[in-house]
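What follows is a short report on a single structure.
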Amino acid sequence: MATADDAPTAPTIGPFYDALHKAYIVALGEKLDSPSSYEGAVTEHLRMSGVYWSLGALSLLRDADEVDKLMGLTSSIGERPAIIDWVFACYDKRTGGFGGNCTGSLDSPCPHDGHLLYTLSALQILAMADALDDARLDKEAIVKFVASLQNEDGSFSGDEWGEIDTRFSYCALSCLALLGRLPLPNWALDEEVKSENEDSVIDIYKAADYIMSCRNFDGGFGCVPGAESHAGQVFTCIGTLSLAHSLHLLDKGNARDGPDFNDGGADLLAWWLAERQCDSGGLNGRPEKQADVCYSWWILSALSIMGRVSWINTSKLGQFILKSQDNDDGGIADRPQDMPDVYHTFFGLCGLSLIGHMGRIGDIEGRNYREVDPVFALPSDVVQRLGLRAQVISEYGGVVKDRLKTHSILNMIKTP
């Protein structure tokens, strides 16, 4: 049970178990390292993403130096090697990407096959460790790996085996952005000039065009053209358009319709996202599904990018996330009374950050919690340090949240 030392903070919308969450995340590192533990067994194939979720969660609660000390990000803890050393052991030289895990020793590792999902997680870990300039990182090989996975229609495969999903479009553009190699479009150019741009590592116009081909009549997006709208896919599609500085396409329907901006399409999508809020205050991914804490990230990030967080009841959402905390052992579950896991802990904290609740908790506790960037899913100070710049839409009246001011701002024309 929670002790007096772990007494929760009680802001207006519910208690927050800071000390328990920190302890839960730190202890989870040892469990993930153990193949005989439940946590180690079920995450063996996606360990890279599990480590990213753990570091990302703790990085919203503690500063970079304390995260490094607690988790062993850049230096070993006992017999456990530094996390970044393990990350480089997961690099697959054959493909040029990172795998989800590796077997063998760090001196002679056998990495899993490279995949865009784990390549992005690896780069996000290195970004938090301020290690993107590490001599072991073969940036050109990774860029070639990413570029090789773009298909003729602009979509991206996840790996050499060819699965296509809008998730992989977001991963591809995020990887290139983190490496400083993402080309930006100039929508004023005519089609012939665009197609002749052979210097770009990918075709950014086709990438944006493909995303728009996945939009449905209800305003949402699916994993491929014609697939059901899903809130998770909405983030990957809006995130891709944000990275590609192409959010104006939301109100054009086709990437070749030009850059003039109006308010229709973004509002339709935001309305579909707002309808995902359930009576419990939580958000679901599709109609008639249960609320799940992870959609606090997938939906709020998209609404943040589009300047429309106010379209949902953030107080009720905050209550739902906080009720999903484990007040005995720490961590956040998918919904109240379920077992916590690191995936929902990270995205639950992201949700609390995006509605400003973490800031209110910090004011009460005297802590300066770090904010999450809704495009890159990294602490905002990391995004600023790296000079990363995507595109966001301002709120009505031209208001832009402080965490977003480093991005390119697309101003609204219409007023409510």
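The values are calculated or read from the model by the stated rules, or taken from the named source; none is laboratory data. Because the structure is a prediction, the values reported are computed rather than measured. Positions of Cβ are generated from backbone atoms using ideal geometry, with glycine treated the same way; all protein chains shown enter the neighbour counts. Quick note on the areas: whole protein, heavy atoms, side chains included, nothing else; ligands and nucleic acids left out. Shrake-Rupley method; radii C 1.70, N 1.55, O 1.52, S 1.80 Å.
The residues of the stretch 292-416 present an accessible area of 39 Å² per residue when probed at 1.4 Å with all protein chains retained. Each listed q (0.22 Å⁻¹) maps to a log10 I(q)/I(0) for the stretch 31-164, found by the Debye formula over equal Cα scatterers with no solvent: -1.40. Every pair of different Cα atoms in the chain enters the Kirkwood calculation, which places the hydrodynamic radius at 21.7 Å.
Could you give the length gained by full extension between Ala27 and Phe217, i.e. 0.36 nm per residue of separation minus their alpha carbon distance, to one decimal place? Before the final figure, lay out the partial values.
Values: separation 190, 0.36 × 190 = 68.40 nm, distance 4.55 nm.
Extending this stretch completely gives an extra 63.8 nm.
Compute the Rg/Rh shape ratio of the stretch 70-115: radius of gyration over Kirkwood radius, all on alpha-carbon atoms.
Values: Rg = 10.9 Å, Rh = 10.7 Å.
Radius of gyration over Kirkwood radius for the stretch 70-115 works out to 1.01.
Provide the FRET efficiency to the nearest 0.05 for the Thr103-Tyr396 pair, computing r from the beta carbons and using R0 = 60 Å. About 0.70, to the nearest 0.05.
I'd like the carbon and sulfur percentage of the solvent accessible area for the chain, probe radius 1.4 Å, heavy atoms only, ligands and nucleic acids excluded. Spell out each step's value before the answer.
Values: 8490 of 17320 Å².
After summing per-atom areas, the C and S share lands at 49 percent.
Here is the link list: Lys139/Lys252; Lys139/Lys206; Lys206/Lys405; Lys22/Lys405; Lys31/Lys93. Which ones come out longer than 31 Å on Cα distance?
Details: Lys139/Lys252 35 Å; Lys139/Lys206 23 Å; Lys206/Lys405 28 Å; Lys22/Lys405 29 Å; Lys31/Lys93 28 Å.
Exceeds cut-off: Lys139/Lys252.
Altogether, the Stokes-Einstein calculation at 10 °C and 1.306 mPa s, with the Kirkwood radius of the stretch 347-416 over Cα pairs as Rh, returns a diffusion coefficient of 121 µm²/s. Surface listing: Trp86, Trp311 arranged by accessible area from highest to lowest gives Trp311, Trp86, probe 1.4 Å. Among Gly226, Gly99, Gly281, the largest mean-square fluctuation in a Gaussian network model of the chain (Cα springs under 10 Å) belongs to Gly226. Placing unit charges on the Cβ atoms only, positive for Lys and Arg and negative for Asp and Glu, gives the stretch 141-240 a dipole magnitude near 420 debye about its Cα centre. Under the convention that each Lys and Arg Cβ holds +1 and each Asp and Glu Cβ holds -1, the size of the dipole of the chain around its Cα centre is about 720 debye. Couplings 3J(HN,Hα) for the stretch 58-68, derived from phi with the Karplus relation 6.51 cos²θ - 1.76 cosθ + 1.60 (θ = phi - 60°), are 5, 5, 7, 9, 9, 6, 4, 5, 5, 4, 4 Hz, where x marks Gly and Pro. Dividing the alpha-carbon radius of gyration of the stretch 115-184 by the rule-of-thumb value 2.2 N^0.38 Å gives 1.06.
Stretching the chain fully between Lys405 and Glu275 yields a gain of 44.0 nm (0.36 nm per residue, less the alpha carbon separation).
Dividing the Cα radius of gyration of the stretch 297-416 by its Kirkwood radius returns 1.00 for Rg/Rh. In order along the stretch 175-184, the phi-based Karplus estimate (6.51 cos²θ - 1.76 cosθ + 1.60, θ = phi - 60°) of 3J(HN,Hα) comes to 4, 5, 5, 5, 8, x, 10, 7, x, 10 Hz; Gly and Pro are listed as x. Using all pairs of distinct alpha-carbon atoms, the Kirkwood hydrodynamic radius of the stretch 76-151 works out to 12.6 angstrom.
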